[in-house]
Amino acid sequence: MGFVTSIFARRMTQAAGTSIDPAAMLRSVGLDPDSPLDVGERITDDAYYDLLERIATRMGSSGVELPLRAGALMRHDDYGALGLAWKSAATTRDSLERVERYARLWTDNMTYELRQHEQGDGADFVLHRFGERRLGMRLSNEATLASATSLIRQRTSTAFRPVAVYCEHRAPRSTTAHERYFGCPVHFGCEDDALRISGADLALPNDLADDGISRFLLAHLEAEIEALDERDPIEDLVRQTVSRSLSAGVPRMRTVARRLAMSERTLQRRLAEQDLTFKDLLAATREQLARNLLEHSSYSLSEIGFLTGFSEQSAFTRAFKRWSGSTPTAFRQDRRASLPPRQESPSP
């Protein structure tokens, strides 16, 4: 289970307009509707996705526009120090690099990557989000891309348009509102959730750029990142990130490092300081996840193999036998046989 900042939920309920009772919706996920926006206030991602699904259902056919409306409502000041760091950065590229680095201060279920194009000076601003791709997640992903577009537009003197927008999920009933909002082609069923941005737009200056304020804010954000790392030992961070990524395939070290907002070399060094290697942690995480799923879930062996990063059940069976000395079926049977018999509830 991950967490997201409550400002997303508050902006989504605002975007829904008169279709819902916003106060009741916020209370349903444990938020006080009268409290001010606070980027540090969090709710679980499951609660957030459930909220979005309920809102979209209430909105009917206009629910397809919910993430776009919410994205347009987002403001830099909503994000606290990170929002100020965005505004004070010299260019759009600098702003997005700061989001890539510091976003995990307010959410732990997604990371960002500014992926430079191999040819040319453009880049893709890619959203990596973990978990089941349910409707709530899809709406959230669209809102995040819409928010990034809105924030760029608010701080530059030109009418910013991405080159293209990409979404992993299938297209909604209508994409007219999406193309109108982004002002560019919007593609669905893609490999990534991303904004494609030209080199010229990445170089756009921010109208409130300030080098002195920027240095102060970056020092503050670095201190917060260091404090976060101290609370979450690197071994736990890697295990969590690997676990969330396995259903999409076995992640590489550079992918995990990127999602932890550090370089591959930094991650390797920090693991070495604890006498750990990424290869060993990856194997241990897959084994522990497989054991837990076999013992405590009703998933089939093929489903467990998929959830632990195997494309075929036979490959999962061979790996599990190598880890534990027994087949997954034998392990599950032994564990269930060792459980104490269920006690019947006494009659009233």
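Which residues, taken from the range 128-139, are of a type in the set (D, E, K, R) and surrounded by fewer than 22 Cβ atoms within 10 Å (Cβ to Cβ)? If you could, list the steps in order and put the result at the bottom.
First pass over the range 128-139, keeping only residues of a type in the set (D, E, K, R): 129, 132-134, 138.
If the condition is that a residue be of a type in the set (D, E, K, R) and surrounded by fewer than 22 Cβ atoms within 10 Å (Cβ to Cβ), then Arg129, Glu132, Arg133, Arg134 are the ones that fit.
For the range 1-41: of the residues being closer than 21 Å to Met110 by Cα and of a type in the set (Lys, Arg), which is surrounded by the most Cβ atoms within 10 Å (Cβ to Cβ)?
Selected residue: Arg10.
Could you say which residue among Gly136, Gly131, Gly199 is in contact with an Asp or Glu (Cβ under 7 Å, 6 or more places away or on another chain) and within 14 Å of Pro67 (Cα to Cα)?
Exactly one residue qualifies, and that residue is Gly136.
Got at least one residue in the range 117-127 being within 25 Å of Ser243 (Cα to Cα), crowded, with 16+ Cβ neighbours inside 10 Å and within 12 Å of the chain's Cα centre (by Cα)?
Yes, the conditions are met somewhere in the range 117-127.
Kindly indicate which of Asp50, Asp46 is acidic (Asp, Glu), part of a helix (DSSP H, G or I) and modelled with pLDDT under 90. Can you show your working first?
Working: Asp50 fails: modelled with pLDDT under 90.
Just one listed residue meets the conditions, Asp46.
Looking at the range 79-91, can you tell me whether even one residue there is of a type in the set (Val, Ile, Thr) and either modelled with pLDDT under 95 or under 27 Å from Gly17 (Cα atoms) (or both)?
The answer is no, given that none of the residues of the range 79-91 is of a type in the set (Val, Ile, Thr) and either modelled with pLDDT under 95 or under 27 Å from Gly17 (Cα atoms) (or both).
Can you spot a residue in the range 19-28 that is part of a helix (DSSP H, G or I) and touching a strand residue (DSSP E or B) at 6+ places or on another chain (Cβ under 6 Å)?
Within the range 19-28, none of the residues are part of a helix (DSSP H, G or I) and touching a strand residue (DSSP E or B) at 6+ places or on another chain (Cβ under 6 Å).
Among the numbered criteria (1) closer than 30 Å to His220 by Cβ; (2) out of contact with any Asp or Glu (no Cβ under 7 Å at 6 or more places or on another chain); (3) modelled with pLDDT under 95; (4) of a type outside the set (S, T, N, Q), which single criterion is violated by Leu73?
(3)
Evaluate the range 314-334: report whether one residue or more is part of a helix (DSSP H, G or I), under 30 Å from Leu96 (Cβ atoms) and in contact with an Asp or Glu (Cβ under 7 Å, 6 or more places away or on another chain).
No, the range 314-334 contains no residue that is part of a helix (DSSP H, G or I), under 30 Å from Leu96 (Cβ atoms) and in contact with an Asp or Glu (Cβ under 7 Å, 6 or more places away or on another chain).
The values are calculated or read from the model by the stated rules, or taken from the named source; none is laboratory data. As the structure is a prediction and not an experimental result, all values here were calculated from the model. Cβ sites come from the backbone with ideal geometry, for glycine too, and all protein chains shown count toward neighbours.
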